[in-house]
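We did not get these values from a lab; they are worked out from the coordinates using the rules stated. What you see is a predicted model, and the numbers here were worked out from it, not measured in a lab. Cβ coordinates were reconstructed from backbone atoms using ideal geometry, including for glycine residues, and neighbour counts include every protein chain displayed.
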């Protein structure tokens, strides 16, 4: 049997960026860690982005994932909020990329479909299924639970991609 792959899922946000780490080996998943990086909402935007960068960098250094997955941003009616979220998402993608990791991206509906079976669902359903799939999971915020769901989604999809790549054409 192969080596376990450690995956970090990241749920980007300017105020709170959730992160969750799982290990994937074959069809089994194991909870490693989860948490939330917070930025000071009274600080200037550049300082907040640095706080997210430094927090995520420390987590990557400590948890040593092999791969990363980040949730894609949805566009809402508030252009300013969407732009700030996009900047936080840029940091969430940059930190693992600078660490040499492949960074996968998943739409929120793809994460929900993978974890709860349908493309639309509320946070309670996601949290319940994260606890079913990772019984030892502990998370401090909705953002950390969502990050674990993103990591679970990547674990599922990376297996499908690996299978497709290993099957002769």
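Side notes on the structure shown:
- 0 to 90° range, to nearest 10: angle between helix 123-133 axis and the chain longest Cα axis: 40
- Between 0 and 90°, nearest 10: helix 142-166 axis offset from the chain longest Cα axis: 40
- Entry note, the chain: the mean residue ellipticity at 222 nm calculated from DSSP H runs of n ≥ 4, each adding -39500 (n - 2.57), is -16500 deg cm²/dmol after division by the residues and rounding to the nearest 500.
- Compactness relative to 2.2 N^0.38 Å, alpha carbon Rg of the chain: 1.00
- Amide N proximity, segment 137-153 versus residue 122 label position 7 Å along Cα-to-Cβ, cut-off under 16 Å: 142
- Taking other C-beta atoms within 10 Å as the exposure proxy, 10, 152, 5 rank 5, 152, 10 from fewest upward.
- Under the Debye formula (equal points on every Cα, no solvent term), log10 I(q)/I(0) of segment 68-164 at q = 0.17, 0.23, 0.24 Å⁻¹: -0.83, -1.29, -1.33
- For segment 1-95, the spread of Cα positions along each principal axis, largest first, Å: 48, 27, 18
- Our estimate of slack between residue 3 and residue 30, defined as 0.36 nm per intervening residue step minus the Cα-Cα distance, is 8.4 nm.
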